[in-house]
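First up is the structure itself, then whatever we jot down about it.
The values are calculated or read from the model by the stated rules, or taken from the named source; none is laboratory data. These numbers were taken from a predicted model, which means no experiment stands behind them. Glycine gets a Cβ as well: all are built from the backbone with ideal geometry, and neighbour counts include every protein chain shown.
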Amino acid sequence: MQQRQIGPFQVTAIGLGCMNLSHAYGVPPPAEQGERVLLAALDAGVTLFDTAALYGFGANETLVGNVLAKHRNKFTLASKGGVAGVKFDDGVKRVIDGRPQTLRQNCEDSLRRLRTEVIDLYYLHRWDKKVPIEDSVGAMSDLVRAGKVRSIGLSEVSAKTIRKAHAVHPISAVQTEYSLWTRNPEIAVLECCREIGATFVAFSPVARGFLCDTLHDVTQLDAKDIRRNMPRFSPENYAANLKLMAPYKALAQEVGCTPAQLALAWLLHKVPSIVVIPGTTSVEHLHEDLGAADVQLSSDAMSRVEALINQDTVKGHRYSAQAVAEVDTEEFPSA
């Protein structure tokens, strides 16, 4: 597979987002299934694995560590701090906390769960707006100097915040949702990454399943599936969005690939430095995703697919109002 650069690391252009194996989309699969997916990705040559303290409140890092620690020299390991599960009297809850002491503890906890001495790429998962970005990144810079982290990234932040952070410590990667139906990075973040030499890492590159053409009835989503709280997945908006799929599938067929592969190939052609991290719980879908690296798109195909699915043709915002308040990204208004 083609290689791309993240900081000092050469990685496959398509990595694996590990979140789905423990978090977010309803009841997670058994650990044995997660192990099969992780090892299949490694066997297929994937060299970037992305996890976070938040996913499954540590369960995902534990899974990745248990399965991949013995193969640690074969891949680049990315994880995230600044959002984690915190125990309260009424249970464990998701908390955004970017204070330096919290980031240090998050990192120590992640290192233990991942069964490694160093994390190759450590992201600030969300900017805690109560803490100056310079303070959070300064703490992460200390982790680099201490040998616990090799490079630093940011997630879901604006170009202005990226520049402030980069002035404190070089930012190797910026991770944000980016796909045909979420084009927000095109406002300013992609250009900012180019200016500072950071790699852009696209999460949810197949639009949380929409661009796979496998989710047709959102009323059947699990009660704990995070998409239930996303406006684009409301029954009314999703029904409107599904009308885009017939011409989209026709274009994929014309190109000679699956709908998911078209979505990933579009991203890989969009900017030479983009790395994509689709997630899956299926070995079959994993191999389908990796096949996108071989898909060639003409400028005409690029133009046609961009005109078909974009911020103006998709109905509904990507996040709820509460979730929007938690990120620091430039946002297009919803259609």
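Please specify each residue of the range 101-154 satisfying the condition of being more than 22 Å from Phe9 (Cα to Cα), among the hydrophobic types (A, V, I, L, M, F, W, C) and part of a loop (DSSP other than H, G, I, E, B). Correct list: Trp127, Val131. Residues that are modelled with pLDDT of 95 or more, surrounded by 16 or more Cβ atoms within 10 Å (Cβ to Cβ) and touching a Lys or Arg at 6+ places or on another chain (Cβ under 9 Å) within the range 271-308 comprise Ile274, Val275, Val283, listed in sequence order. Glu32 satisfies every condition listed in (1) touching a residue at least 24 places away in the same chain (Cβ under 8 Å); (2) under 30 Å from Gln220 (Cβ atoms) except (1). Screening the range 239-258 for residues that are assigned to a helix (DSSP H, G or I) and touching a residue at least 60 places away in the same chain (Cβ under 8 Å) and picking the one that is surrounded by the fewest Cβ atoms within 10 Å (Cβ to Cβ) gives Pro247. Cβ-Cβ distances below 8 Å connect no pair with a first residue in the range 41-67 that is free of Cβ contacts under 8 Å to residues at least 24 places away in the same chain, a second residue that is among the small types (Gly, Ala, Ser) and buried (at least 20 other Cβ atoms within 10 Å of the Cβ), and a separation of six or more residues or different chains. Out of all the residues in the range 138-157, which are buried (at least 17 other Cβ atoms within 10 Å of the Cβ) and among the basic types (Lys, Arg)? Selection gives Lys148, Arg150. Among the residues of the range 35-59, those identified as of a type in the set (A, V, I, L, M, F, W, C) and either touching a strand residue (DSSP E or B) at 6+ places or on another chain (Cβ under 7 Å) or surrounded by 22 or more Cβ atoms within 10 Å (Cβ to Cβ) (or both) are Val37, Leu38, Ala41, Val46, Leu48, Phe49, Ala52, Ala53, Leu54, Phe57.
Within the range 320-335, restricting attention to residues that are charged (D, E, K, R) and part of a loop (DSSP other than H, G, I, E, B), which residue is modelled with the highest pLDDT?
To start, the set of residues in the range 320-335 that are charged (D, E, K, R) comprises 326, 328, 330-331.
Still in the running and part of a loop (DSSP other than H, G, I, E, B): 330-331.
Numbers: Glu330: 94, Glu331: 91.
Among residues in the range 320-335 that are charged (D, E, K, R) and part of a loop (DSSP other than H, G, I, E, B), the one modelled with the highest pLDDT is Glu330.
For the range 191-219, a residue qualifies if it is in a helix (DSSP H, G or I) and farther than 24 Å from Ala252 by Cβ, and the qualifying residues are Glu191, Cys192, Cys193, Arg194, Glu195, Ile196, Thr219.
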